[in-house]
Amino acid sequence: MRALPRVERPRLMKLVRLGTLNVGTLTERSREVADLMKRRRIQVLCLQETRWKGAKAREIGEGVKLYYNGEETKRLGVGIAVAESFKDLVAAVQRKDDRIMSLRLDTKEGYWTIMSVYALQTECPEHDKDDF
């Protein structure tokens, strides 16, 4: 029995590893996130339930820069962690609220938009779910 000829797919020049992680809380765990990214060779990691307040960016170790957004109550919160090799490619950061943010990367292949979204859970009030 003969097999069909193999069709080669066009491939990107470089493999990019993206990930997502519900951290529960980032308080005193940011270094763990940086270590995880290094160990798993992840370049961009979207985070949910960071529970950090404010709309800021900071270095968290291993050359990783974290862009995050959260409300003053330290509930919920999202973030996007970027490895050192991608830090200089960040062209824009948009923070909609404590559940949605995006990051725009200016790569050789064009612009990439990475979004971190934390959807409402079942125990949230119906009006919050409708607004989302």
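List Leu66, Leu103 from most exposed to least, where exposure is judged by having the fewest other Cβ atoms within 10 Å.
Values: Leu66 22, Leu103 25.
Taking fewest neighbouring Cβ atoms as first place, the list is Leu66, Leu103.
Given the convex hull over the Cα atoms of segment 18-119, what projected area results after averaging over all orientations, in nm²?
Numbers: hull surface 23.0 nm².
Convex hull of Cα atoms, orientation-averaged projection: 5.8 nm².
Separation between the Lys108 and Thr20 pseudo-spin-labels, each 7 Å from Cα along Cα→Cβ, expressed in nm?
Taking the two extended label points, one gets 2.9 nm.
Could you list Leu26, Leu15 in order of exposure, starting from the residue whose Cβ has the fewest other Cβ atoms within 10 Å? Walk me through the intermediate numbers first.
Working: Leu26 21, Leu15 8.
Ranked by crowding around the Cβ, least crowded first: Leu15, Leu26.
Sorting Ser85, Ser30, Ser116 on the 10 Å Cβ count, fewest up front, what's the list? Display every interim value, and only then the final one.
Details: Ser85 11, Ser30 22, Ser116 26.
The order, fewest Cβ neighbours first, is Ser85, Ser30, Ser116.
In whole percent, what relative contact order does segment 50-110 give with Cα contacts below 8 Å and a gap of six or more residues?
Numbers: 125 pairs, mean separation 16.9, N = 61.
In percent, rounded to a whole number, it is 28.
Throughout, read-outs are computed from the coordinates displayed, never taken from laboratory work. These numbers come from a predicted model, not from an experiment. Cβ sites come from the backbone with ideal geometry, for glycine too, and all protein chains shown count toward neighbours.
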